[in-house]
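J.: Quick one: the structure is below, questions incoming.
Here, each number is a calculation from the coordinates, and none is a lab measurement. Being a predicted model, the structure only gives us computed values, none of them experimental. Here the Cβ positions follow ideal geometry from the backbone for every residue, glycine too, while neighbour counts run over all protein chains shown.
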Amino acid sequence: MKKIGIKDVAKEANVSISTVSRVFRKYGNVPKDTENSVLEAAKKLQYTPNIAAQALRGSLNNIGIVFTRLAEDAFINPFYSEVLRGISTIIKKENHYMQIIACDTLEEEKAEIRTLLASGRVDGIILLYSRCMDPLIYDLVKNESNFIISGRVESDHLLKDKIYTVNTDSIKDTYDAVSVLINKGHKKIALINEESNYIVNLDRMNGYKQALISNGIEFDEDLIIIKTKNNRETVNNIKNKLKKHPEISAIFAKDDLIAAYAYEAIKEMGLNIPQDIAVMGHNDLYLASLLEPKLSTVRVPIFELGCKLAENLIKIINKEEIDERHVVLPTELIIRESI
């Protein structure tokens, strides 16, 4: 005889799996008629929830949130706290909880995620990054795991049609931001970026390059500054680059937090923003409007990004249809006083 499970009850009652779970866990936030439908379906199918067994195997309606190996940076970057706020807003409505996962190595990360999924301690995974040729993604697809990625995968990725993502068009909005600087007369524009094995950083680089080339400006690799883990070192690297290339008249920073390091470097050199050097950021963190002068930047709907990641992962977990496999949210240029 086939073992009746929660999916069967959900199908019979024509509700989501999470709704059935809420009814049997007695959360009290399910409409009475829906609750009655679920209970009637369970009675008809002779289904009895085994709550004790769920607790023993660690099934706590958890969603695993995976940070990059640069977790120490992630926890101080307001971008991630806003994404988490969006995720939390959605999953708490579905009585799910967040479990943060941050490992030192790729091997530890794969092992930790595999264990959590296999044991039932998490129902699904949100990857808050997208790495190039990431072996973890292949592993998750192979094991038919419930997961979604913040970012995008390579356009020629073999498993692209089996992966769900939520992203913004970093190539286009970087192109647009750098083009604004060029249209203001800047020809020597530095880029402050991060390590290139993350796709978002490659996209920032590509958007930057395309804007230069489209405007007849030769790409100069020596105008690229790579942020390091040491913030003071990053500030010094920016200062050294500006000393080496005094012709630099504008900086595009990969995100607003990095733009703040550019502010520090420029001011330590006795220069003024934007009179001597214009600065453009990315993300439009609250920090951007606090800097003096106020930072021009690219506004990313960060909270909405977190909400959409959570909404679609819940649908994946519940085997519900998703309209768009690769969601791209719109961004907006915000021009303030720094350019």
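J.: If you plug each phi of the range 33-46 into the Karplus form 6.51 cos²θ - 1.76 cosθ + 1.60 with θ = phi - 60°, what whole-Hz ³J(HN,Hα) values come out, in order, with x for Gly and Pro?
T.: The phi angles translate into 5, 5, 4, 5, 4, 5, 5, 5, 5, 5, 5, 4, 8, 6 Hz.
J.: Quick one: THR105, THR297, THR234, fewest Cβ neighbours within 10 Å first, how do they rank?
T.: Numbers: THR105 9, THR297 30, THR234 21.
Placing the least packed residue first, the sequence is THR105, THR234, THR297.
J.: What GluC sites (Glu not before Pro) does the range 227-333 have in DSSP loop regions with at most 10 other beta carbons within 10 Å? Intermediate values should be presented prior to the final figure.
T.: On the way: sites: GLU233, GLU247, GLU264, GLU268, GLU304, GLU311, GLU320, GLU321, GLU324, GLU332; in loops: GLU247, GLU320, GLU321, GLU324.
Here the GluC sites (Glu not before Pro) that fit, given the DSSP loop and packing criteria, are GLU247, GLU321.
J.: Relative contact order, percent, of the range 6-49 when contacts are C-alpha pairs under 8 Å separated by at least 6 residues? Don't skip to the answer; put the middle values down first.
T.: Values: 33 pairs, mean separation 19.5, N = 44.
This gives 44 percent for the range 6-49.
J.: Could you derive backbone 3J(HN,Hα) for the range 305-313 from the dihedral phi with the Karplus parameters 6.51, -1.76 and 1.60 (θ = phi - 60°), listing whole Hz in sequence and x where the residue is Gly or Pro?
T.: In residue order, the calculated couplings are 4, x, 4, 5, 4, 5, 4, 6, 5 Hz.
J.: Anything over 31 Å Cα to Cα? Flag those among LYS93/LYS229; LYS162/LYS187; LYS32/LYS160; LYS43/LYS315; LYS209/LYS243; LYS172/LYS319, in the order listed.
T.: Values: LYS93/LYS229 37 Å; LYS162/LYS187 42 Å; LYS32/LYS160 41 Å; LYS43/LYS315 26 Å; LYS209/LYS243 23 Å; LYS172/LYS319 33 Å.
Beyond 31 Å: LYS93/LYS229; LYS162/LYS187; LYS32/LYS160; LYS172/LYS319.
J.: Okay, next question. To the nearest 20 debye, what charge dipole does the range 6-49 have about its Cα centre, counting +1 at the Cβ of each Lys and Arg and -1 at the Cβ of each Asp and Glu? Display every interim value, and only then the final one.
T.: Working: 8 positive and 5 negative charges, 29 e Å.
About 140 debye.
J.: Still on this structure: Kindly give the semi-axes, whole Å and largest first, of the ellipsoid equivalent to the range 121-251, taking each as the square root of 5 times a Cα gyration tensor eigenvalue. It would help to have the intermediate numbers written out before the result.
T.: Details: eigenvalues 234, 62, 23 Å².
For the range 121-251, the ellipsoid semi-axes come out as 34, 18, 11 Å.
J.: Per residue of the range 204-214, in order, report the coupling 6.51 cos²θ - 1.76 cosθ + 1.60 (Karplus, θ = phi - 60°) as ³J(HN,Hα) in whole Hz, putting x for Gly and Pro.
T.: 3J(HN,Hα) across the range 204-214, in whole Hz: 4, 4, 5, x, 4, 4, 4, 5, 4, 4, 4.
J.: Give me the percent relative contact order of the range 170-299, please, defined on Cα pairs under 8 angstrom at least 6 residues apart. Before the final figure, lay out each step's value.
T.: On the way: 198 pairs, mean separation 32.5, N = 130.
25 percent.
J.: When a footprinting reagent is the concern and you count Cβ atoms within 10 Å, what order do PHE75, PHE303 take, fewest first? Numbers along the way, then the final one.
T.: Details: PHE75 12, PHE303 15.
So the residues, fewest neighbours to most, are PHE75, PHE303.
J.: Go through the range 185-220 and name the GluC sites (Glu not before Pro) that are in a DSSP coil and have 16 or fewer other Cβ atoms within 10 Å of their Cβ.
T.: Those satisfying the criteria are GLU195, GLU218.
J.: A further question follows. From the convex hull of the Cα coordinates of the range 137-205, what is the mean projected area in square nanometres?
T.: If you wrap the Cα atoms of the range 137-205 in a convex hull and average its projections, you get 5.6 nm².
J.: Using Cβ contacts closer than 10 Å as the measure, can you line up MET280, MET98 from fewest to most?
T.: Details: MET280 29, MET98 17.
Ranked by crowding around the Cβ, least crowded first: MET98, MET280.
J.: Out of all DSSP beta bridges with both ends in the chain, state the antiparallel percent to the nearest 5.
T.: Details: 4 of 34 bridges.
The answer is about 10 percent antiparallel.
J.: Moving on to the next point. Let me have the relative contact order for the chain, percent, based on Cα pairs under 8 Å that are six or more residues apart. Write down the numbers at each step before the final one.
T.: Working: 567 pairs, mean separation 60.9, N = 339.
With pairs under 8 Å counted, the relative contact order is 18 percent.
J.: Counting only helical runs of four or more DSSP H residues, what would the 222 nm mean residue ellipticity of the chain come to if each run contributes -39,500 (n - 2.57) and the total is spread over all its residues?
T.: Numbers: 14 runs with 154 residues, N = 339.
About -14000 deg cm²/dmol.
J.: Could you tell me which of rounded, prolate or oblate describes the chain, using a ≥ b ≥ c as the square roots of the eigenvalues of the alpha-carbon gyration tensor, with rounded for a/c under 1.5 and, failing that, prolate when a/b is larger than b/c and oblate otherwise?
T.: On the way: a/c = 2.64, a/b = 2.48, b/c = 1.07.
In terms of gyration-tensor shape, prolate.
J.: Okay, next question. Taking the Cα centre of the range 183-339 as origin, work out the dipole magnitude from +1 charges on Lys and Arg Cβ and -1 charges on Asp and Glu Cβ, in debye rounded to 20. The partial results should precede the final answer.
T.: Details: 21 positive and 24 negative charges, 84 e Å.
So the dipole magnitude of the range 183-339 works out to roughly 400 debye.
J.: Still on this structure, I have one more. In the Gaussian network model of the chain, springs joining C-alpha atoms below 10 Å, which of ALA41, ALA259, ALA177 carries the largest mean-square fluctuation?
T.: Highest fluctuation of the listed residues: ALA41.
J.: Which one, MET205, TYR164, LEU181, projects farthest toward the positive side of the charge dipole computed for the range 155-221 from Cβ point charges (K/R +1, D/E -1)?
T.: Positive-most Cα among the choices belongs to LEU181.
J.: Using the Cα centre as the reference, give the magnitude of the dipole from point charges on the C-beta atoms of the chain (Lys, Arg: +1; Asp, Glu: -1; all else neutral), rounded to the nearest 20 debye.
T.: Working: 45 positive and 48 negative charges, 209 e Å.
For the chain, the charge dipole is close to 1000 debye.
J.: With unit charges on the beta carbon (Lys/Arg positive, Asp/Glu negative), name the residue among ALA253, LEU271, ASN193 whose Cα is farthest towards the positive pole of the charge dipole of the range 170-299.
T.: Farthest along the dipole direction, towards plus: LEU271.
J.: In whole Å and largest first, what semi-axes does the C-alpha gyration tensor of the range 6-49 yield when each eigenvalue is scaled by 5 and square-rooted?
T.: Values: eigenvalues 40, 20, 18 Å².
Output for the range 6-49: semi-axes of 14, 10, 10 Å.
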